[in-house]
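*Asks:* Structure provided below as structure tokens; questions to follow.
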Amino acid sequence: MKKYLIYFFFVFYFISGLAYSQISDYELGSKLSRTQYQQTGFYDLSDPEAINIKVAVWGFVRYPGKYMVPSYTTLLDLLSYAGGPSNDTHLDDIRLYRNKEDGSQEMIIYDFNDILWDSNLDSKNRNVPTIEAGDILVVPGSPRYYSRDLVSMWATILSALVSITILVLNLVKN
């Protein structure tokens, strides 16, 4: 009896492993258990009545991670879902990496400043790319140093030098 029980658990484990290994970038509807809160970088913003896709947002945004979004999501929507660009973002170099069917990748560079600082509200001439399944949005940037950062850095160096000086004076004195 124990032998059959072990075989049963082995077959069940193998079948459940196969089910989880076939995860795709498309999903129809949304999961019913969306009320659970999770502490990961996966955000489920799916629409229950639409085809949903899995995409990723990395770089200088507020909430980087993987997202489950409706298939009609644009690049600007996805950037808004991720909390928007941070202060350190290079808005003229937002990159969208897209996998082609032949296995290669395509990179689309988008200038967010065109939208942000454009005084003309005519949206017919704007080319805002739509998001496809498996796309990766990379928001590059570089950290900026403010005056408080410089003061903090110099205060740390000065504190270390004062501590070393006091230690040397105490050693020489004894």
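*Asks:* Note down the net charge around E106, summing +1 for each Lys or Arg and -1 for each Asp or Glu among other residues with Cβ under 15 Å from its Cβ.
*Replies:* Numbers: positive: R95, R98, K100; negative: E101, D102, E132, D135.
That works out to -1.
*Asks:* Which order do peptides 98-111, 42-55 fall in by mean Cβ count within 10 Å, highest first? Numbers along the way, then the final one.
*Replies:* On the way: 98-111: 10.5, 42-55: 16.6.
The most tightly packed comes first, giving 42-55, 98-111.
*Asks:* While we're here: Tally Lys and Arg at +1 and Asp and Glu at -1 over the other residues with C-beta under 10 Å from the C-beta of L91: what net charge comes out?
*Replies:* On the way: positive: none; negative: D92, D93, D111, D114.
Net of charged neighbours comes to -4.
*Asks:* Still on this structure: Could you derive backbone 3J(HN,Hα) for segment 49-58 from the dihedral phi with the Karplus parameters 6.51, -1.76 and 1.60 (θ = phi - 60°), listing whole Hz in sequence and x where the residue is Gly or Pro?
*Replies:* These are the phi-based 3J(HN,Hα) values: 10, 9, 7, 10, 10, 9, 9, 10, 10, 10 Hz.
*Asks:* Enumerate the amide H contacts of H90 below 5 Å, restricted to partners 5 or more residues apart or on another chain; note that Pro and chain-start residues carry no placed amide H.
*Replies:* Sorted by chain and number, the residues that satisfy this are G141, S142.
*Asks:* Further question: Among residues other than T73 whose Cβ falls under 11 Å from its Cβ, what is the net charge (Lys/Arg +1, Asp/Glu -1)? Walk me through the numbers before you get to the answer.
*Replies:* Working: positive: none; negative: D47, D77, E132, D135.
Result for the local shell: -4.
*Asks:* Once phi is turned into θ = phi - 60°, what whole-Hz ³J(HN,Hα) does the Karplus curve with 6.51, -1.76 and 1.60 give for every residue of segment 129-144, x standing for Gly and Pro?
*Replies:* x, 7, 8, 10, 4, x, 5, 10, 9, 10, 10, x, x, 9, x, 9
Readers should treat all values here as calculations from the given coordinates under stated rules, not as data from a laboratory. Source: prediction; values computed, not measured. Methodologically, a virtual Cβ is constructed for each residue, glycine included, from the backbone with ideal geometry; neighbour enumeration extends over all protein chains shown.
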